[in-house]
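Below is one structure, written out as structure tokens; comments come after it.
The values are calculated or read from the model by the stated rules, or taken from the named source; none is laboratory data. Note that the structure is a prediction, hence the values are computed from the model and not measured. Counting neighbours? That spans all protein chains shown, and the Cβs are built from the backbone with ideal geometry, glycine included.
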Amino acid sequence: MSISKLSDLADPEITPRLVFKIGSALLFGRGGVADREWLAGLVWEIADARERGQQVIVVCSGAVALGAAKLGFEKGGRGSLADAQASAAVGQIELAGLWSQLLGAHGITAAQILLTLDDLEGRRRYLNVSATLGRLLKAGAVPVVNENDSVATDGIRFGDNDRLAARVAQAGKADAIVLFSDVDGLYDRNPAEEGAQLLRVVEGVTEAEHAMASGSSGSGMGSGGMTTKLRAVEIAERAGISLTIVNGTHRRPFGKAIDSDTGTLFLPKRRDTGRKAWLGGRMRMKGHLVVDTGCAKALTSGSSLLASGITAVEGEFTRGDPVGIKDQDGRALAKGLAEYDSFEILRIMGTRSEDQAMLLGYSPRSAVVHRDQLVLL
């Protein structure tokens, strides 16, 4: 059985493992005070899901807002990097305590996991995260995950918890993600416009859906809008994970969405292997390879990337590093793991395999990026 409608998310036979993502705007007022009543209602829903036989992972924002209020920092703790990191350090303890207390009232153990981008970008660390999540769930705990903003900087952070939730869902082998938002879901235009229609079910994300999305966050507290949610959908669907956007402003919002059948359910059109799903969800590449038109066409047909089709190398990287592949117009085509160092590819790009041994000083490998280590975008 697979997910086909919103009510399936409450069925443990179809959706045994869920990720709930909660943003700052829902959990906190502008003064940085947690809405305990709202969160207590959501915790009831987590307890109900567990009673049905479902496992739940929580991805929760709000540490910076909570810590800034406690420290008396202006601009919600976002005035400087140092303010944000200090706010997060204080807020993480407060937030973990809040979850521990509310879940504990239901006899549920809360577990805190703080992640940086590197924890999910590196394959070995990603697998460690996966193992930890699996063990916690097996032990009956509810993992509460947040980005570790006390050490993360602009260059090494997710930037929004929508994409973090998608990556955590991949690592946690979840069946579905619920993104609680301040709107009912994805509309075909700005929901404030007359005649705007809610999209109930979307199979895969195309340019048409991206064109409908707004990149702004209406609350002023969140770090992204509908655009980041669609990017999260693209990450999730690589692992065959469904994602739904529902209105989180209600008390007990999950049940409200299920009962009213209101939200946007994104159904995956693909299911990559575990390694390819991880690679496709990576946010940072070590470099890029530019390919000609013939090569771009061959890649879309399932071929490996050969040196003969490469026209340029961007960045410095070593064998095994993740690289992006794009066409002559700069359009992203694929991601993959390089079989050569960047300086070696510069030597052999545009050449055929019979000429590469002399240029390299050793027998060439079968491809610059093998199709088994390549994922199309």
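If F73 passes every condition in (1) over 20 Å from the mean Cα position of the chain (by Cα); (2) surrounded by 15 or more Cβ atoms within 10 Å (Cβ to Cβ); (3) in a helix (DSSP H, G or I); (4) not basic (K, R) but one, which one does it miss?
The one condition F73 does not meet is (3).
For (1) within 17 Å of D160 (Cα to Cα); (2) surrounded by fewer than 22 Cβ atoms within 10 Å (Cβ to Cβ), each residue gets a yes or a no:
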{"position": "V233", "(1), (2)": "yes, no"}
{"position": "F254", "(1), (2)": "no, no"}
{"position": "G281", "(1), (2)": "yes, no"}
{"position": "M285", "(1), (2)": "no, yes"}
{"position": "T293", "(1), (2)": "no, yes"}
{"position": "A296", "(1), (2)": "no, yes"}
{"position": "G302", "(1), (2)": "no, yes"}
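Among (1) part of a helix (DSSP H, G or I); (2) out of contact with any helix residue (DSSP H, G or I) (no Cβ under 9 Å at 6 or more places or on another chain); (3) over 19 Å from L39 (Cβ atoms), where does K256 come up short?
Condition not satisfied by K256: (3).
Applying the selection to segment 296-333, what residues are more than 23 Å from D272 (Cα to Cα) and assigned to a strand (DSSP E or B)?
The answer is I310, T311, A312, V313, E314.
Look at segment 357-369 and say how many of its residues are surrounded by 13 or more Cβ atoms within 10 Å (Cβ to Cβ), within 18 Å of V291 (Cα to Cα) and out of contact with any Gly (no Cβ under 8 Å at 6 or more places or on another chain).
Looking only at that region, the number is 2.
Filter segment 256-279 for residues that are hydroxyl-bearing (S, T, Y) and surrounded by fewer than 21 Cβ atoms within 10 Å (Cβ to Cβ) and give the result. Please lay out each step first, then the result.
The initial filter retains those residues of segment 256-279 that are hydroxyl-bearing (S, T, Y), namely 260, 262, 264, 273.
Across segment 256-279, the qualifying residues are S260, T262, T273.
Inspect segment 92-103 for any residue being part of a helix (DSSP H, G or I), modelled with pLDDT of 90 or more, closer than 18 Å to R17 by Cα and among the hydrophobic types (A, V, I, L, M, F, W, C) and give the result as yes or no.
yes
Residue by residue through segment 198-228, note down the ones that are in contact with an Asp or Glu (Cβ under 7 Å, 6 or more places away or on another chain) and modelled with pLDDT of 90 or more.
Listed by number, the residues that qualify are L198, L199, V202.
Given the residues G79, G67, which is the only one that is in a helix (DSSP H, G or I) and modelled with pLDDT under 95?
Working: G79 fails: in a helix (DSSP H, G or I).
It is G67.
For segment 50-64, give me each residue that is in a helix (DSSP H, G or I) and crowded, with 22+ Cβ neighbours inside 10 Å.
A63, V64
Results for (1) closer than 27 Å to W278 by Cα; (2) of a type outside the set (D, E, K, R), shown as yes or no for each residue.
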{"site": "G67", "(1), (2)": "no, yes"}
{"site": "G76", "(1), (2)": "no, yes"}
{"site": "A82", "(1), (2)": "no, yes"}
{"site": "A86", "(1), (2)": "no, yes"}
{"site": "L98", "(1), (2)": "no, yes"}
{"site": "L103", "(1), (2)": "no, yes"}
{"site": "A111", "(1), (2)": "yes, yes"}
{"site": "D119", "(1), (2)": "yes, no"}
{"site": "R123", "(1), (2)": "yes, no"}
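What pairs come up if the first residue lies in segment 91-107 and is in the same structural domain as V43 (by TED's automatic domain parsing), the second is assigned to a loop (DSSP other than H, G, I, E, B) and exposed (fewer than 15 other Cβ atoms within 10 Å of the Cβ), and their beta carbons are under 9 Å apart, counting only those six or more places apart or on different chains?
Final answer for the pair search is S100/T109; L103/T109.
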